[in-house]
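Structure, as structure tokens:
The values are calculated or read from the model by the stated rules, or taken from the named source; none is laboratory data. Remember, it's a predicted structure, so these values are computed and weren't measured experimentally. Note that each Cβ is placed from the backbone with ideal geometry, even for glycine, and that neighbours are counted across all protein chains shown. Remember, those area values only see protein heavy atoms, side chains included, never the ligands or the DNA or RNA. Shrake-Rupley method; radii C 1.70, N 1.55, O 1.52, S 1.80 Å.
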Amino acid sequence: MGHYFDYAATTPVCREAVEAAVDAMTGGWGNPSARYPFGTDAGTATERWRNEIAKALHCQKDEVFFTSCGTEGDNWAIYGAVELNRRVGKHIITTAIEHSAVLEPCKELERSGYEVTYLKPDRQGRISVQQVEEALREDTVLVSMMLVNNELGTILPIAEVGRCLKEYNSRALFHCDGVQGFLKVPCYPKELCVDLLSISGHKVHAPKGIGALYIRKGVKLPPMIRGGGQEHGLRSGTEATAQIAAFGAAVQVGCQQMEQIVAHMREQKELLWTLLQEKLPNVKRVGEGTAPHILTITMPGYKSEVVVRVLGDMGICVSSGSACHKGKASHVYAALGLPKKELDGVLRISFSKETTREDVEALAEGLVQVSKQLFISLS
Ligand code: PLP
């Protein structure tokens with residue numbers, strides 16, 4: 001596969017997750033709701049894996065609800081929070097740099113009469129607690145902010161916002177999209193003072209198709225799916241036992257090794273930035289991304305789609321922005337107000353425990369080649 005630098009889009013499934021999934025599919029494949037031992041064993045295993053997620057989030061097991069992905073968790077949190085707070089008002093606060101899994105539900109709510117304040121980032125991609133404080137109103141029902149931005153790697157001040165909402169005695173529920181922050185930066189809902197926090201498996205070496213929503217005890221979020229009453233009646237449907245097992249196992253190892261993995265990603269990120277500054281005089285950082293796994297740069301004058309394609313031909317995978325945009329211009333980079341040349345040249349490079357020094361050197365060399373080739377073809 002060459003050299004992969006798009007781990008913020010998705011990660012390979014780790015061995016422990018594969019083994020746990022295979023066990024759940026071939027050994028303990030009973031229905032967790034069944035009453036005989038073969039079923040209850042599957043139920044016990046599911047609860048054991050739920051406990052691994054809860055341990056990683058420093059929360060209680062019955063505050064973790066499995067979902068199919070981060071998008072589902074975000075949708076559930078947003079629609080559920082506004083429904084729960086329907087008597088409080090119709091005002092929502094979010095940011096202009098959220099993932100579309102948050103922005104699209106917000107836009108839909110605007111169409112049905114809600115007023116949404118989209119906080120704008122500064123040039124570095126930062127959002128401040130003061131902005132939230134200024135936007136907060138008596139009728140604010142929900143504040144939704146991500147922990148780590150997926151296109152910039154910026155860390156948003158979630159705990160400060162959580163404390164601010166408490167100080168104001170706000171009745172707004174506080175949701176955090178923790179998809180890019182989970183296992184990369186401290187992502188503990190109690191410490192972050194959030195009511196709801198969504199995470200996703202495929203960003204942390206579990207398969208696609210599994211995620212979780214933390215719902216703080218006492219928050220009576222309406223069900224996401226009604227039916228047979230699984231997930232304490234909040235998300236019916238027979239549990240995805242294999243996906244859950246894989247998610248639990250991936251999180252278990254990810255948690256045990258978090259310190260080393262984060263240090264490794266940070267090291268690779270710093271090495272790449274050092275090499276790029278040496279080799280490419282025009283390269284610039286985009287935003288103040290301090291998360292360990294995301295480096296966003298721009299090569300002004302070189303169109304990112306072309307660079308991504310040429311690097312792809314060399315076996316190097318980087319992104320020109322979030323994979324979810326499918327070719328559309330990124331609202332996140334646009335929100336920074338970059339000059340057009342810089343905007344057109346943005347590349348998102350993301351790292352994991354699997355990134356090696358050879359990968360980093362190959363990418364740096366690849367970018368030098370690309371800059372020469374494209375320069376020649378343009379001149
Ligand atoms: N939120 C953020 C910040 C993301 O980066 C992503 C995926 O890229 C999502 C939500 C959606 O997660 P999923 O792909 O699991 O639906």
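Can you classify the chain as rounded, prolate or oblate using the Cα gyration tensor, where a ≥ b ≥ c are the square roots of its eigenvalues, rounded means a/c under 1.5, and otherwise it's prolate if a/b beats b/c and oblate if not? Walk me through the numbers on the way to the answer.
Numbers: a/c = 2.17, a/b = 1.29, b/c = 1.68.
Verdict is oblate for the chain.
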Inset, instruction - Kindly express, to the nearest 10 degrees and within the range 0 to 90, the angle between helix 15-26's C-alpha long axis and the longest C-alpha principal axis of the chain. - result: 40 degrees
Inset, instruction - Quick one: angle between helix 100-111 and the longest Cα principal axis of the chain, in degrees between 0 and 90, rounded to 10, please. - result: 70 degrees
Legend entry - Relative contact order %, the chain, counting alpha carbon pairs below 8 Å whose residues are six or more apart: 24 percent
Inset, instruction - Starting from the Cα of R15, move 7 Å in the Cα-to-Cβ direction to define the label point; list residues of segment 348-375 whose amide nitrogen is under 20 Å from there. - result: 352-357
Legend entry - Of A42, Q268, P223, farthest towards positive along the dipole that unit charges on Lys, Arg, Asp, Glu beta carbons give the chain: P223
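Working out 0.36 nm times the residue gap between F38 and S236, then minus their Cα-Cα distance, what length gain in nm do you get to one decimal?
Values: separation 198, 0.36 × 198 = 71.28 nm, distance 2.07 nm.
Net length gain for the segment: 69.2 nm.
Taking R0 as 45 Å, what's the FRET efficiency between R309 and K220 from their Cβ-Cβ distance, rounded to 0.05? Please list the in-between numbers first.
Working: r = 49 Å, r/R0 = 1.10.
After rounding, the FRET efficiency stands at 0.35.
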Legend entry - Note, ³J(HN,Hα) from phi for segment 283-296, Karplus 6.51, -1.76, 1.60, rounded to Hz, x at Gly and Pro: 5, 9, 7, 10, x, 9, x, 9, 5, x, 10, 10, 10, 10
Legend entry - Per residue, in Å², the accessible surface of the chain once ligands and nucleic acids are set aside, probe 1.4 Å: 43 Å²
Legend entry - Long pairs among K120/K208; K208/K353; K279/K372; K120/K328; K120/K353, criterion Cα-Cα beyond 23 Å: K120/K208; K120/K353
Legend entry - Accessible surface of the chain [probe 1.4 Å, protein heavy atoms]: carbon and sulfur percent: 53 percent
Legend entry - segment 219-236 - phi-based ³J(HN,Hα) in whole Hz, Karplus 6.51/-1.76/1.60, Gly and Pro as x: 7, 8, 5, x, x, 7, 9, 9, x, x, x, 5, 6, 6, x, 9, 8, 6
Legend entry - For segment 119-132, Karplus couplings with θ = phi - 60° (6.51, -1.76, 1.60), whole Hz, Gly/Pro x: 6, 8, x, 7, 4, 8, x, 8, 10, 10, 5, 4, 4, 5
Legend entry - Degrees, to the nearest 10: 37-57 long Cα axis against longest axis of the chain: 50 degrees
Legend entry - Estimated distance in nm for a label pair at Q256 and E110, the labels positioned 7 Å out from Cα along Cα-to-Cβ: 4.7 nm
Inset, instruction - Can you grab the distance from the C-alpha centre of segment 253-284 to the C-alpha centre of segment 114-137, Å, no decimals? - result: 29 Å
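I need to check one value: relative contact order of segment 111-256, counting alpha carbon pairs closer than 8 Å and at least 6 residues apart, in percent.
Details: 204 pairs, mean separation 22.3, N = 146.
Averaging sequence separation for qualifying contacts and normalising by length gives 15 percent for segment 111-256.
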